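Take a look at the structure below.
The values are calculated or read from the model by the stated rules, or taken from the named source; none is laboratory data. What you are looking at is a predicted structure, and each value in this text was computed from that prediction instead of being measured. As a convention, Cβ positions derive from the backbone with ideal geometry for all residues, glycine included, and neighbour counts pool all protein chains shown.
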Amino acid sequence: MQLMMSGTPGISAFPDADGNLLSWTATIVGPEGTYYEGLTFKLSFNFPASYPYAPPNVLFKTPIYHPNVDFAGRICLDILKDKWSAVYNVQSVLLSLQSLLGEPNKYVQSRSCHLVLSLLEFSVFSSCPRFYPYPSCPPFSAVPTIFLSPTQEVFNPGIK
């Protein structure tokens, strides 16, 4: 209710029209000075019965080209995985996602999800056109996969 009444700029969330209070639709506006400036993204929130002790399942419904979001809209964000705390709410999740749009995490610290883009793909992402990079950027499969070894060195078994 706090989120619906506060009017925090750039984010909104409401229960779905079907009356199910465990299913919400949210929107975030891309932050200024980023690839996503001026764009509005729709997300879905599905709350488990154990909420707030377990994180909601949050998905991007609007297609987005981002290093921490896969093509199904699944988000790799620590507070939605193993760093979840009952003190987080819908507003804090949406603000974290809005921040993630402006500052992607290229080194995922969570064991429960993996980096959606490799480091080379991340550099391709960083060089994409500023306004609405999806779908003008190359598909992930067009870029060779490079990943970090346990010693944090760039490693690619296909390139010598």
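Here's the yes/no breakdown for (1) surrounded by 19 or more Cβ atoms within 10 Å (Cβ to Cβ); (2) part of a loop (DSSP other than H, G, I, E, B); (3) within 15 Å of the chain's Cα centre (by Cα); (4) at pLDDT 95 or above:
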| position | (1), (2), (3), (4) |
| --- | --- |
| Ala26 | yes, no, yes, yes |
| Leu94 | yes, no, yes, yes |
| Leu100 | yes, no, yes, no |
| Lys106 | no, yes, yes, no |
| Arg111 | no, yes, no, no |
| Val116 | yes, yes, yes, no |
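Selection over region 27-67 of residues that are touching a helix residue (DSSP H, G or I) at 6+ places or on another chain (Cβ under 6 Å) and either among the basic types (Lys, Arg) or farther than 20 Å from Asn105 by Cα (or both) gives a count of 0.
Return the residue satisfying two criteria in turn: it lies in region 30-46 and is surrounded by fewer than 19 Cβ atoms within 10 Å (Cβ to Cβ) and closer than 25 Å to Ala86 by Cα, and of such residues it is farthest from the chain's Cα centre (by Cα).
Ranking the qualifying residues of region 30-46, first place goes to Asn46.
When region 25-55 is filtered for residues that are among the polar types (S, T, N, Q) and farther than 10 Å from Gly10 by Cα, the ones remaining, listed by number, are Thr25, Thr34, Ser44, Asn46, Ser50.
Could you please let me know if Pro133 is modelled with pLDDT under 90, part of a loop (DSSP other than H, G, I, E, B), touching a Phe, Trp or Tyr at 6+ places or on another chain (Cβ under 7 Å) and crowded, with 16+ Cβ neighbours inside 10 Å?
Yes.
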